[in-house]
Each structure stands twice: as structure tokens, then as C-alpha cells.
Amino acid sequence: MPDVRIIQQAVRYLASRCDGAVSEDGHGFNKMDADFGRSLAERERWTKAQAKAALKMLKKYQGQLQAGGFDIERLFDGSEITYPHLQQEKVMNTVKKVDDRTMEIRYKFDPEILQLIKTLPGRRFHPDKKYWTATITKDSIQKLKDVEFTIDKELEEFLHEEEREIEVPGLKKQLFTFQKVGVAFIEKRKGRALIADEMGLGKTIQAAAWLQLHPEKRPAIILCPASLKLNWAKELRDTLSTNDKVEILSGTKPYPITGSIIIINYDILNSWIETLQAINPQVLIMDEAHYIKNSSAIRTKAAKKLAKGIPHVIALTGTPIVNRPIEGFNIFQILDRNLFPNFWTYVHQYCGARHNGFGWDFSGATNKEELNQILTSTIMIRRRKADVLKDLPEKLFSFVPMELANETEYRIAEKEFIEYLRGVKGKEAAEKAKKAEHLVKIEALKQLAVKGKMKQAINWIKDFIEDSSKLVVFAVHKEVIDQLMKEFKEIAVKIDGSIPTPERHKAVEAFQNDPNVKLFIGNIQAAGVGLTLTAASAVAFLELPWTPGELQQAEDRCHRIGQKNAVNIYYLLAENSVEYRLAKLLDRKKEVLSAVIDGKPVEEKSLITELIESYLEGKEAEKNE
């Protein structure tokens with residue numbers, strides 16, 4: 001039974017002894033046989049047809065082969081040729097783990113398998129070692145397994161791995177189960193991950209929890225929109241027990257950095273790059289990471305430059321980048337350059353790249369399911385509210401601190417108000433709390449606070465609705481509502497005292513059914529009762545009412561029968577202002593209100609009285625802020 005390997009040796013022997021059609025020992029060769037023999041001798045692998053043709057040719061030269069020591073009887077015994085190397089090649093179709101991100105692929109050459117390998121993310125051929133590598137993804141492993149590759153044990157375990165959760169010792173807040181899974185995902189990815197949860201599911205606390213888990217990884221930088229800087233500082237104070245010094249950077253003229261966790265906004269990052277690089281940061285958290293979607297923007301270039309060399313990068317965005325794939329490319333590049341190494345391949349595969357006659361358009365979305373599979377099996381974890389509803393309470397409350405742009409003006413007015421109260425004495429002030437003079441002065445403070453935070457609040461709203469989410473915003477004063485409508489007139493409807501009853505129904509219908517209407521702006525008294533606004537699952541209060549009952553009624557416009565999502569309630573409050581004091585009192589009164597069986601409202605007088613008394617407590621009250 002001739003072995004194909006013996007046939008190959010025989011052909012190579014003859015090829016080595018012929019020059020043209022004459023052998024070294026004078027024996028002749030047919031010119032065609034000589035050319036055919038030399039051609040086969042140069043090939044590493046033969047087909048079965050080539051092996052049979054070679055054996056047929058060799059029969060002409062049995063004398064030369066016998067002189068060369070070949071077993072003629074075995075070579076030409078007439079039985080079928082055996083191909084033991086083909087059995088070996090079957091087990092050569094293997095995949096094994098190289099490191100946490102890379103797998104090695106070895107296979108018997110096959111054009112169809114080659115085309116399959118070329119579809120895998122991060123694939124790269126190593127000509128010196130004659131094998132491929134690719135990024136480890138569940139989808140890639142499954143594709144290779146489907147064509148009968150042998151998968152090593154570690155990759156098999158990864159393929160069937162279930163989501164795990166993690167406990168974070170010392171964290172001041174309780175994490176929901178899905179948030180623990182998110183922290184575990186960041187940990188598994190060694191601090192290089194994209195948390196793409198839907199808005200309102202706590203991406204901030206998941207990233208903060210990973211900082212708690214690794215207090216040794218400092219300095220850490222939080223990169224976020226300007227409207228979220230104070231919110232990050234508050235979240236870190238309320239969440240971490242690591243004794244980090246949190247420092248908020250401002251302005252475009254750098255100064256010495258002293259914090260271990262540094263918060264900076266995208267708009268000023270370019271001015272701070274060298275200063276930040278000099279402190280050797282170990283962690284970069286990019287909040288609202290879709291801010292770097294434009295590759296030519298200064299802030300994108302600055303963010304990419306800063307991220308280079310930082311060992312741990314966590315990106316946070318609720319924007320559905322799978323629907324707008326071009327917005328995610330820079331994020332993916334920062335987190336794992338091997339995932340999509342070629343921009344043009346990426347935009348043609350996933351962005352429907354087309355030339356419109358003037359330039360390239362990358363705004364499309366193609367092969368979305370494939371892109372999602374690649375991302376979720378590598379760098380990204382994404383949960384929607386609908387996925388985790390069982391873990392969530394009916395309402396999720398957040399205080400969002402806002403900076404006062406008119407800080408000096410406000411503090412002077414507040415100081416004058418306190419001096420006024422002390423002048424008429426606390427008890428007397430409390431007894432006369434409903435008198436117009438007291439209310440006028442308090443209202444003046446409230447309006448100064450709104451004025452001071454307005455620009456930042458508008459930016460916060462813009463950031464919120466950028467990912468196509470709808471939002472309900474409540475205010476008290478007509479001037480505030482009008483300012484919001486002027487800013488968002490193309491995508492907003494409003495209901496206040498100036499809107500006739502028939503028009504109110506049209507406004508609600510538009511908000512509920514028109515995808516282009518993203519914002520409902522309402523007066524708390526006029527729009528806070530009776531309306532159904534379940535197209536949104538988020539409510540923001542720009543101003544606060546005087547009674548907890550009004551507050552709760554307004555909150556419930558989104559939390560109605562038919563609402564399938566938990567509702568996020570945001571209080572956009574000027575930091576260390578009358579709004580903070582009022583919110584604390586309303587929060588306490590709401591608890592009382594919920595506990596009253598007969599539903600009697602809390603009297604307005606008690607709330608105003610307590611607000612005045614909180615100012616009269618002076619320094620003690622300031623300590624408790």
C-alpha cells in the first residue's frame with residue numbers, strides 16, 4: 001500500500017538528479033515528465049489527483065528509483081494510495097487562546113475557511129509562523145466551531161460563560177444586581193470596557209464602583225460634559241470610601257493638580273493635555289463618550305491623545321451606537337485597537353459607506369446584528385430598562401447639582417435675606433411666614449438660583465435628549481418655560497396657563513406620538529395633574545413647588561398605567577442654594593405625605609416656616625448641607 005509521502009520523496013529524488021531531460025548518471029528523462037516532476041517537487045501539499053499522476057509517471061523510471069534505494073515492490077503494488085497526513089491535517093483546524101484578547105487559528109488551507117477567517121474582527125495573518133490570530137469574541141468562536149474547528153478548553157468555557165456579578169467592599173451605596181454584573185464586566189476586561197446601558201441605569205455608579213475596587217489605581221481622570229462635573233463630584237463623595245481628593249479642573253490656563261481623582265470637561269481638555277499626562281494617570285473614565293464621535297474635532301483628538309498610554313479606560317454612553325456605528329469607531333479604537341483596525345473596512349462593513357457625489361457619507365447602519373455580537377462579546381455591555389425592570393424600583397431619584405453662574409449676585413441676596421430674617425427675629429418670622437414680604441424675598445432667591453443655573457440646565461437637557469430619549473421638564477415661572485421653549489422650539493411642546501384647553505390635548509398627543517417631539521415643558525400647576533406623558537420615562541424639575549403633593553402629582557405624569565419602564569426623576573438644583581434647602585424639606589414632607597392614611601396635604605405654612613428656620617440656624621445649618 002503506497003504512502004503518498006514515499007511518492008513525494010521519489011519525485012523529489014528524481015527532480016534533484018535531472019537537468020533538463022538528462023540525469024546525472026546519463027539516464028534519460030522525458031521532457032514533459034521532468035517539468036511535471038520539478039513542479040510537484042516544489043509543492044508542499046498535493047491533491048489526490050496529483051499523487052495518482054505522480055505514481056503513474058514514476059513507473060517509467062523504476063530503474064533509477066531502485067538504484068536510489070526505493071522499495072519498488074511497495075511503491076508499485078497496485079493498491080490504493082494512503083494519505084496519513086490528511087488525518088493529521090484534520091486536527092490542525094484548531095483555535096487556542098493566546099492571551100485575554102487574542103486567539104490563534106491554525107487550519108488546513110481551504111478557500112471557504114479563509115474567507116470566513118477574513119470576516120473575524122482583529123484578524124491578522126503571521127506569514128513567518130503560517131497561522132492567523134483574531135480578537136476573542138463569542139461570535140468568532142462559534143463561527144469556527146460551526147465549521148468543525150477544535151476549540152481549546154479556555155475558549156469553550158468563555159463561549160458558554162454566564163454573566164457574573166461582583167461585590168465591592170466599602171462602597172457607600174447599594175448596587176443593583178445588573179450593576180454588579182457591569183462592575184464584574186469592567187474587571188474581567190481589566191478596566192478597558194464600554195458601559196452602554198440605557199440612560200437612567202446608573203453607568204456613573206458602576207464606573208465609580210470600579211474605582212472603589214481599585215484604590216491603588218490613581219490618579220484617575222473623569223472626562224465629562226461641563227454640565228455633569230458637579231454631578232460626578234457629588235456621586236464620588238456619596239459612593240466612595242477611599243478618602244480620595246476629588247478635584248474639579250476649570251479654565252484653559254493649567255495650574256498644579258493636587259487631586260487623586262480629577263474631573264475635567266471635554267471643552268477645556270486640549271489646554272490641559274500635557275499637565276494631565278505629567279501626573280501619569282492610571283484610569284480614564286470618559287462619560288458621554290459619544291462626544292468624541294467626530295474624528296476631526298479638537299476634543300476628540302485631545303481625548304485620544306490623553307487615552308494613549310493610560311492602562312485603564314472606561315467609556316460610558318447610553319447612545320445606541322449600534323444604530324449609528326460611525327459614532328462608536330473612536331471609542332472602539334481607544335479601548336481595543338485590534339478590534340476594528342481599519343477605518344475603511346469598518347465604515348463599509350457597518351456604516352453603509354457611500355459616495356454621494358460630493359464626498360463620503362458614513363451615516364448609515366449596516367450589519368447591525370453582527371456589530372452588536374462583536375461588541376457584546378468583547379468590549380461592550382449594554383442593558384435596557386426593559387431587560388432589568390425586575391431589579392428596579394418604580395421611581396429612581398437623582399439630585400443633579402448645578403453651578404451658579406451668578407454666584408456673587410446670589411450670595412449677596414441670600415445674605416441680605418438672612419439679615420432681614422434675623423432683624424425681625426426668628427419666632428416672629430415663623431408666625432408671619434405667609435406674609436407677602438417673606439414670600440417675595442424667598443421667591444426672589446429662587447428666581448436668582450434659576451437664573452444662575454439656566455445655561456447649565458439647558459446643556460444638561462441637550463445631553464439627555466441627544467440619544468433620542470424623551471424628557472418631561474417641569475418649572476414654575478412663565479419666564480423659565482418661555483426660555484426653554486425658545487431654546488428647544490423645534491422639538492418641544494409646552495403646557496402652562498397661557499395654553500387653551502383644546503391646544504393642551506394637541507400638545508400631549510404630539511409628545512406621546514411624534515418621534516420628533518423630544519421635550520414636554522410644563523408648569524407644575526397647569527400640567528402636573530391629569531395628563532398622561534408615558535412616552536417618556538424621565539422627569540426633570542427645574543423649579544420646585546411649595547407642596548410635596550404637587551411634586552408627587554407631577555412625578556406621576558410619566559408613571560401611569562401603561563408605563564412599562566421605571567421612571568427616573570431628576571432634580572436640577574443650584575448647589576448650596578435655597579433650592580437645596582427646599583428640596584430636603586420637600587423630600588421629608590413627601591415621606592410624611594405617603595404615610596398619612598387619609599391623604600390630608602401638609603400645610604404650606606409648615607414648609608415655609610421650616611425653610612426660614614433652616615436659614616436662622618446659621619452656621620450649623622451650613623455644616624449639614
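Every read-out reported here was derived from the displayed coordinates using simple, explicitly stated rules and does not represent laboratory data. Please read all numbers here as calculations on a predicted model, not as lab measurements. Neighbour counts run over all protein chains shown; Cβ positions are idealised from the backbone, glycine included.
Amide H to amide H, with H built 1.01 Å from N, Phe541 comes under 5 Å of Phe474, Tyr570, Tyr571, Leu572, counting only residues 5 or more places away or on other chains. For the range 177-390, a simple Cβ point-charge model (Lys and Arg +1, Asp and Glu -1, everything else neutral) yields a dipole of about 140 debye relative to the Cα centre. Principal-axis analysis of the Cα atoms of the chain puts helix 177-188 at an angle of about 50° to the longest axis. Taking the charge dipole of the chain about its Cα centre, with +1 at Lys and Arg Cβ atoms and -1 at Asp and Glu Cβ atoms, the residue from Ala196, Leu471, Ile412 reaching farthest to the positive side is Ala196. Applying 0.36 nm per residue to the separation of Asn270 and Glu156 and subtracting their alpha-carbon distance, the gain on full extension is 36.6 nm.
Farthest toward the positive end of the dipole of the chain, out of Ile491, Val98, Phe176, is the Cα of Val98, where the dipole comes from beta carbon charges about the Cα centre. The sum of -39500 (n - 2.57) across all DSSP H runs of n ≥ 4, divided by the residue count of the chain, sets its helix-only mean residue ellipticity at 222 nm to -13500 deg cm²/dmol. For the set Lys293/Lys395; Lys31/Lys59; Lys234/Lys305, the pairs lying more than 20 angstrom apart at their alpha carbons are Lys293/Lys395; Lys234/Lys305.
For the chain, the longest principal axis of the alpha carbon atoms and the long axis of helix 48-58 meet at an angle near 20°. For the pair Gln62 and Asp238 in one chain, pulling the backbone fully straight at 0.36 nm per residue adds 54.4 nm over the alpha carbon distance.
Using Cβ point charges alone (K and R +1, D and E -1), the dipole size of the chain about the Cα centre works out to roughly 860 debye.
Charging the Cβ of each Asp and Glu at -1 and of each Lys and Arg at +1, and nothing else, the dipole of the range 91-159 about its Cα centre rounds to 240 debye. The Arg354 and Arg422 beta-carbon pair, evaluated with R₀ = 56 Å, returns a calculated FRET efficiency of approximately 0.20. Here His312, His348, His505 are placed in order of increasing Cβ neighbour count within 10 Å, fewest first, which gives His505, His348, His312. Does the chain classify as rounded, prolate or oblate by the C-alpha gyration tensor (a ≥ b ≥ c root eigenvalues; a/c under 1.5 gives rounded; else a/b over b/c gives prolate, otherwise oblate)? The shape class here is prolate. Please state the shape class of the range 91-159: rounded when a/c is under 1.5, otherwise prolate if a/b exceeds b/c and oblate if not, all from the C-alpha gyration tensor. Note, shape of the range 91-159 comes out rounded. Spatially, the range 193-250 and the range 89-145 are offset by 38 Å when compared through their Cα centroids.
Each label was represented as a point 7 Å from its Cα along the Cα-to-Cβ direction; for Gln115 and Asn459 these points are 5.2 nm apart.
Rounded if a/c is under 1.5, else prolate if a/b is larger than b/c, else oblate: which is the range 4-82, with a ≥ b ≥ c the root eigenvalues of its Cα gyration tensor? Oblate shape, in that a/c is at least 1.5 and b/c is the bigger or equal ratio. In the chain, taking the dipole from charged Cβ atoms about the Cα centre, the farthest positive-side position among Gln64, Tyr570, Met454 is held by Gln64. The Cα center of the range 309-334 and the Cα center of the range 488-503 differ in position by 37 Å.
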